[in-house]
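Report on one structure; see the data block that follows.
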Amino acid sequence: MKLFSNRERTDPIKLGIIGCGIAAKKLHYPALKKLKERFTITAVCNHTEPKAKEFSKIVGDVPYTLDYKELLAREDVEAVDIVLPIHLNRLVITDALKAGKHVIAEKPIAGTLTDALELVELAEHSQKVAMIAENIRYRKLFQRVKELINSNAIGEVNSFSWDFYYKFDARNEYAHTEWRKDHKYEGGIITDAGVHNIAAIRLLFGDIASGSAMTWNVNPEVGRTDSIRMNFKTTSGTHGSFNMSASVEGYSENKLLIFGKSGTIIIEHDDIKVMNPEGKSFKESMNDDGGFKAQFENFYDAVRYGGEVVSTFTEAQKDIEVLLKAYQSAESGVPFTIE
């Protein structure tokens with residue numbers, strides 16, 4: 001998506017980071033390190049001092065605080081990167097925008113549809129950049145698949161199927177996070193991880209209009225929900241399914257199959273295969289950093305040059321709405337619709 005520019009300022013954004021956990025250290029900071037000419041981290045915040053102090057040293061011995069409102073009051077913070085548990089997003093994002101800070105916040109936008117819609121409305125009336133860090137929207141992999149679909153590489157798409165199975169256990173550092181195990185939002189690990197898949201599905205096939213779902217739990221130690229099966233139809237009439245389980249023993253898979261009138265696209269990890277009976281089959285590998293660097297580049301361009309935000313609050317609200325409606329369908333046994 002092309003960004004327009006008013007290139008008057010090229011100085012780095014003075015960035016405060018709220019939340020010093022795994023995602024901040026392992027996902028956001030590595031991307032920010034590659035963009036030192038665009039971002040200067042001026043302060044960090046975590047509610048526990050050991051994490052705040054450790055992360056402060058990692059990013060360059062910057063000041064740290066245990067109260068995010070103290071960080072928001074700093075004059076040397078013009079934008080914030082919010083990397084917090086899902087249920088805290090609405091409060092902290094709201095306070096940040098009201099404090100006059102530009103905001104990039106880790107996905108999903110919120111844990112409830114009410115909170116998500118409130119944030120969308122707040123962003124629409126704010127003069128500041130408001131963006132959700134949904135890295136999937138910036139991945140070269142899915143941008144390339146979208147190009148293939150739009151160029152009719154497999155003809156008109158009629159359906160797709162995505163199977164995502166793995167074992168979320170003690171070997172995964174995220175599994176040790178208490179707020180993930182005792183989650184204060186619906187869906188548990190499905191909400192936290194599966195929202196990426198929904199973002200990719202909407203990017204490739206458009207908005208979801210209706211569907212149904214079943215959810216269940218295999219391993220209570222990772223939360224109240226760890227498996228889902230969804231069937232849905234997009235507004236363009238494409239049928240699809242998404243099956244995910246985070247408690248699978250002895251097997252793992254992450255494969256998206258896209259079926260068209262003249263061929264099939266297979267996406268598995270970073271590989272794209274186009275299977276065409278007319279002999280036009282080929283394979284491509286799309287290695288990138290997961291889209292993290294590109295999402296911060298988008299944030300910088302939006303703040304400094306008025307560029308268009310790709311991962312908007314509205315897009316993020318639509319992502320989480322699909323999952324929340326699916327959980328309602330699983331509980332009631334009634335198919336869901338999205339207006």
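Roughly what % antiparallel, to the nearest 5, for the DSSP beta bridges in the chain?
That works out to approximately 60 percent antiparallel.
Can you give the Rg to Rh ratio of the range 1-117, both from alpha-carbon atoms, with Rh computed by the Kirkwood formula?
Reported Rg/Rh, Kirkwood definition of Rh: 0.97.
Based on the Cα atoms of the range 141-221, what semi-axes does the equivalent ellipsoid have, where each is the square root of 5 times one gyration tensor eigenvalue, given in whole Å with the largest first? Write out the running numbers ahead of the final one.
On the way: eigenvalues 194, 43, 25 Å².
They are 31, 15, 11 Å, listed largest first.
Taking a ≥ b ≥ c as the square roots of the eigenvalues of the Cα gyration tensor of the range 189-230, is the shape rounded (a/c under 1.5), prolate (a/b larger than b/c) or oblate? Before the final figure, lay out the partial values.
Working: a/c = 4.20, a/b = 1.88, b/c = 2.23.
Oblate is the answer for the range 189-230, as a/c is 1.5 or above yet b/c matches or exceeds a/b.
Of the listed pairs Lys25/Lys128; Lys14/Lys181; Lys33/Lys69; Lys57/Lys318, which have alpha-carbon separations greater than 28 Å here?
On the way: Lys25/Lys128 25 Å; Lys14/Lys181 34 Å; Lys33/Lys69 25 Å; Lys57/Lys318 37 Å.
Check vs 28 Å cut-off fails for Lys14/Lys181; Lys57/Lys318.
In debye to the nearest 20, how big a dipole does the range 7-131 give about its Cα centre with +1 on each Lys and Arg Cβ and -1 on each Asp and Glu Cβ? If you can, show how the numbers build up before the last one.
Values: 19 positive and 18 negative charges, 104 e Å.
That gives a dipole near 500 debye.
To make sure I understand, if each residue's beta carbon is the centre and we count other beta carbons within 10 Å, what order do Lys273, Lys325 fall in, fewest to most?
Exposure proxy ranking, most exposed first: Lys273, Lys325.
For each pair in Lys101/Lys325; Lys146/Lys293; Lys233/Lys280, compute the distance between the two Cα atoms and list the pairs where it is over 23 Å.
Checking Cα-Cα distances, Lys101/Lys325; Lys233/Lys280 exceed 23 Å.
Check His183: other-chain or 5+ apart residues with amide H under 5 Å from its amide H, H built from backbone geometry?
For His183, whose amide H was placed from the backbone, the distant partners under 5 Å are Arg224.
Where does each of Ile265, Ile320 land when they are ranked from fewest to most other beta-carbon atoms within 10 angstrom?
Details: Ile265 22, Ile320 27.
Lowest to highest Cβ neighbour count: Ile265, Ile320.
When only C-alpha pairs under 8 Å and at least 6 residues apart count, what is the relative contact order of the range 84-204, in percent?
Relative contact order of the range 84-204: 29 percent.
Subtract the Cα-Cα distance of Leu117 and Ser241 from 0.36 nm times their separation in residues, and report this length gain in nm to one decimal. Present the calculation step by step, with values, prior to reporting the outcome.
Values: separation 124, 0.36 × 124 = 44.64 nm, distance 2.59 nm.
Gain in length upon complete extension: 42.1 nm.
Quick test of the membrane-span-like rule: which DSSP H helices of the chain reach at least 20 Å along their long axis (C-alpha atoms) with mean Kyte hydropathy at least 1.0? Show your work: numbers first, answer last.
Working: long enough: 189-205 (24 Å, 1.31); 313-332 (28 Å, -0.40).
What comes out of the filter, once short or polar helices are dropped, is 189-205.
Counting other beta carbons within 10 Å of each Cβ, put Met230, Met214 in order, fewest first.
Ranked by crowding around the Cβ, least crowded first: Met214, Met230.
Under the classification rounded if a/c is under 1.5, otherwise prolate if a/b is larger than b/c and oblate if not, where does the range 109-244 fall, given a ≥ b ≥ c as square roots of the Cα gyration tensor eigenvalues?
Taking the square roots of the gyration eigenvalues as a ≥ b ≥ c, the range 109-244 is oblate.
Work out the length of the dipole vector of the chain about its Cα centre, built from +1 on the beta-carbon of each Lys and Arg and -1 on the beta-carbon of each Asp and Glu, and round it to the nearest 20 debye.
That gives the chain a dipole magnitude of about 600 debye.
Nearest 0.05, what FRET efficiency do Glu249 and Ser161 give at R0 = 22 Å with Cβ-Cβ as r?
The computed FRET efficiency comes out at 0.50.
Within the chain, what's the longest stretch lacking chymotrypsin sites (Phe, Trp or Tyr not before Pro) that sit in DSSP loops with no more than 15 other Cβ atoms inside 10 Å? The partial results should precede the final answer.
Details: sites that count: Phe4, Tyr251.
Value returned for the longest uninterrupted segment is 5-250.
Using the basic label-point model (7 angstrom from Cα toward the beta carbon), what is the Tyr305 to Lys14 distance in nanometres?
With each label point 7 Å from Cα toward Cβ, the separation is 2.4 nm.
For volume of the Cα convex hull per residue in Å³, the listed values are (1) 107; (2) 139; (3) 150; which was obtained by calculation from the structure presented?
(2)
Do any GluC sites (Glu not before Pro) in the range 262-308 lie in a loop, going by DSSP, with at most 16 other beta-carbon atoms within 10 Å of their beta carbon, and if so which?
Glu278, Glu308
Work out the FRET efficiency for Met214 and Thr177 from their Cβ-Cβ distance, taking R0 = 45 Å, and round it to the nearest 0.05. Mind dumping the intermediate values first?
Details: r = 26 Å, r/R0 = 0.58.
That pair, Met214 with Thr177, gives E of 0.95.
Where a number appears in this text, it was derived from the coordinates with a stated rule and is not lab data. What you see is a predicted model, and the numbers here were worked out from it, not measured in a lab. All Cβ positions, glycine included, derive from the backbone under ideal geometry; neighbour counts span all protein chains shown.
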